[in-house]
Amino acid sequence: MRDRASYAFALVSVAAVLELDGDRIRHVRIAFGGVAHKPWRATRAEAALLGAPVTRQAFLDAAAAEFADARPLRDNAFKPALASRTLAAVLEELSTGVAA
């Protein structure tokens, strides 16, 4: 998440697919970029979201579950919180049909 400039890269990126069944999550796939040495598949967050209600709190709780055991280094300790907020924003956009 950052303003785009030439040769710039995101501090955190999120790729997500969300399928809903009314106000519940039927299917979800999530991956993060920029938070580890390789793309990070968010399997804990996915598991926490299956069958969950479509709410910002559910999205934040899933992100908390995903990063519960994360061990950031000194210069990137901000990334779990940034990734959590970014995930919640992306899932909110997907669940309301708002194009990013």
Which members of the range 23-57 meet the condition of being of a type in the set (Gly, Ala, Ser), out of contact with any strand residue (DSSP E or B) (no Cβ under 8 Å at 6 or more places or on another chain) and part of a helix (DSSP H, G or I)?
-> 47, 48
Would you mind telling me which numbered condition in (1) touching a residue at least 40 places away in the same chain (Cβ under 8 Å); (2) assigned to a helix (DSSP H, G or I) residue 20 fails?
-> (2)
Count - residues of the range 45-71 that are surrounded by fewer than 17 Cβ atoms within 10 Å (Cβ to Cβ) and in contact with a Pro (Cβ under 6 Å, 6 or more places away or on another chain) | 1
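Matching residues to (1) among the basic types (Lys, Arg); (2) within 20 Å of residue 94 (Cβ to Cβ); (3) at pLDDT 95 or above:
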residue	(1), (2), (3)
31	no, yes, yes
34	no, yes, no
38	yes, no, no
43	no, yes, yes
63	no, yes, yes
Could you pull out the residue among 77, 42 that is crowded, with 16+ Cβ neighbours inside 10 Å and of a type in the set (A, V, I, L, M)?
-> 42
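The values are calculated or read from the model by the stated rules, or taken from the named source; none is laboratory data. Quick caveat: nothing in here was measured; it's all calculated off a predicted structure. No Cβ is skipped: glycine too gets one built from the backbone with ideal geometry, and neighbour counts run over all protein chains shown.
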